[in-house]
Amino acid sequence: MNKNSAYERVFHYLDEEGDGKISPSELKHCVGTIGGELLPGEAEAVVESLDSDGDGLLGLEDFVGLMEGQGDEEKMKDLKEAFGIYDMEGCGFITPKSLRRMLSRLGESKSIDECTVMISQFDLNGDGLLSFDEFKVMMLS
């Protein structure tokens, strides 16, 4: 699977209404699904900053631009550091076990099964693990 088709797959997953656009509420819901929290105003600010045609929604091109990082080296550095924290085993992947351990350290009690489900939502190649590219998709969506 090439990167663009992987991004399209995630885009269509986030596009709950199936209208070819990601709204701030869809973005907020997605972040909530992976255990984060995005306030409505924050979701609107994210969408507004990435919206290339001014319609208040993210199209596929906007989303791909976000995923590609558009040369934002600082953001990539931060994501790599965050990935390293979750990749406790140093294997280059986030496993359900390492995710559970990290969430536990953050005060979140999740079962291995719950962590497996969380990972599966962004596991683009279906191997049950999160690679850095999949982690990036999860964190930037």
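What follows is calculated from the coordinates using simple rules that are stated; it is not laboratory data. As the structure is a computational prediction, the values presented were derived from the model and not from experiment. A quick note on method: Cβ atoms are made from the backbone with ideal geometry, for glycine too, and the neighbour counts reach across all protein chains shown.
Some observations on this one:
- Which of Arg100, Arg105, Arg9 has the fewest Cβ neighbours within 10 Å, and the rest in rising order: Arg105, Arg9, Arg100
- Along the chain, longest interval not containing exposed GluC sites (Glu not before Pro), exposed being DSSP loop plus at most 13 other Cβ atoms within 10 Å: 38-88
- Mean projection area, nm², convex hull over Cα of segment 73-140: 4.4
- Placing a pseudo-label 7 Å from each Cα along the Cα-to-Cβ vector at Met139 and Ser111 gives an inter-label distance of 2.9 nm.
- The phi torsions of segment 93-109, fed into the Karplus equation with coefficients 6.51, -1.76 and 1.60 and a -60° offset, translate into couplings of 9, 9, 9, x, 5, 5, 5, 4, 4, 5, 4, 4, 5, 8, x, 9, 9 Hz, rounded to whole numbers, with Gly and Pro shown as x.
- Rounded FRET efficiency, nearest 0.05, which uses the C-beta distance separating Ser104 from Phe132 and R0 of 30 Å: 0.85
- Stretched out straight at 0.36 nm per residue, the stretch from Met88 to His12 would grow longer than its current Cα-Cα span by 24.3 nm.
- For the chain, alpha-carbon Rg over 2.2 N^0.38 Å: 1.04
- For segment 73-140, lysine pairs with C-alpha atoms less than 22 angstrom apart, excluding pairs fewer than eight positions apart on the same chain, total 7.
- Each label point was placed 7 Å from the Cα along the Cα-to-Cβ direction; for Leu39 and Glu61 their separation is 3.3 nm.
- 19 Å Cα-Cα reach of Lys21 towards aspartates and glutamates, excluding residues that sit fewer than 8 places from it in its own chain: Glu8, Glu42, Glu44, Glu48, Asp51, Asp53, Asp55, Glu61, Asp62, Glu68
- Ordered by the number of other Cβ atoms lying within 10 Å of each residue's own Cβ, fewest first, Val46, Val137, Val117 fall into the sequence Val117, Val46, Val137.
- Springs between Cα atoms under 10 Å define the GNM used for the chain, and in it the highest mean-square fluctuation of Asp62, Asp15, Asp78 occurs at Asp78.
- Computed lengthening from Glu81 to Ser5, 0.36 nm per intervening residue step minus Cα-Cα distance: 24.7 nm
- Comparing Ser131, Ser52, Ser23 in a Gaussian network model of the chain where C-alpha atoms under 10 Å apart are linked, the largest mean-square fluctuation is found at Ser52.
- Full-extension gain in nm, Asp19 to Glu48, via 0.36 nm per residue minus C-alpha separation: 8.7 nm
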